[in-house]
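Notes follow once the structure below has been shown.
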Amino acid sequence: MRLEHNHIVLTMPDGREVSIIQNQRTGEGMACGQYRETCEIWVDGEPEPLYNKTLTEVLQYLSEIK
C-alpha cells in the first residue's frame, strides 16, 4: 500500500526519532507540507509537530532542540 504522502524517519544522536512528511507531487496527501517547498516535522518527545516549514526552518529547529 502506498502512503498518501512522502515520509522520512531519521534518528537523532540522542535516540529520538524525527518524522518528516509532505504531500505527493500530485498534491495527494493530508500532510501540512507541499512537495519541494515545505514539510511537516515531528520530533519524538516534543509536544506537537511543526507545519509547513521550509528546509531552512527545519534545520534551524533541529539545531535548537539538541
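Bear in mind these aren't lab numbers, they're just calculated from the coordinates by the rules spelled out. What you see is a predicted model, and the numbers here were worked out from it, not measured in a lab. Note: ideal-geometry Cβ built from the backbone for every residue, glycine included; neighbour counts use all protein chains shown.
Residues in region 29-66 that are out of contact with any strand residue (DSSP E or B) (no Cβ under 7 Å at 6 or more places or on another chain), under 13 Å from residue 19 (Cβ atoms) and among the acidic types (Asp, Glu) were compared, and the one that is surrounded by the fewest Cβ atoms within 10 Å (Cβ to Cβ) is 48.
For residue 26, the test of being out of contact with any Asp or Glu (no Cβ under 8 Å at 6 or more places or on another chain) and exposed (fewer than 11 other Cβ atoms within 10 Å of the Cβ) is passed.
What number of residues within region 12-23 are loosely packed, with under 14 Cβ neighbours inside 10 Å and farther than 23 Å from residue 63 by Cβ? Within region 12-23, residues that are loosely packed, with under 14 Cβ neighbours inside 10 Å and farther than 23 Å from residue 63 by Cβ number 0.
Of the residues making up region 35-64, those that are part of a strand (DSSP E or B) and either aromatic (Phe, Trp, Tyr) or free of Cβ contacts under 8 Å to residues at least 24 places away in the same chain (or both) are 39, 40, 41, 42, 50, 51, 52, 53.
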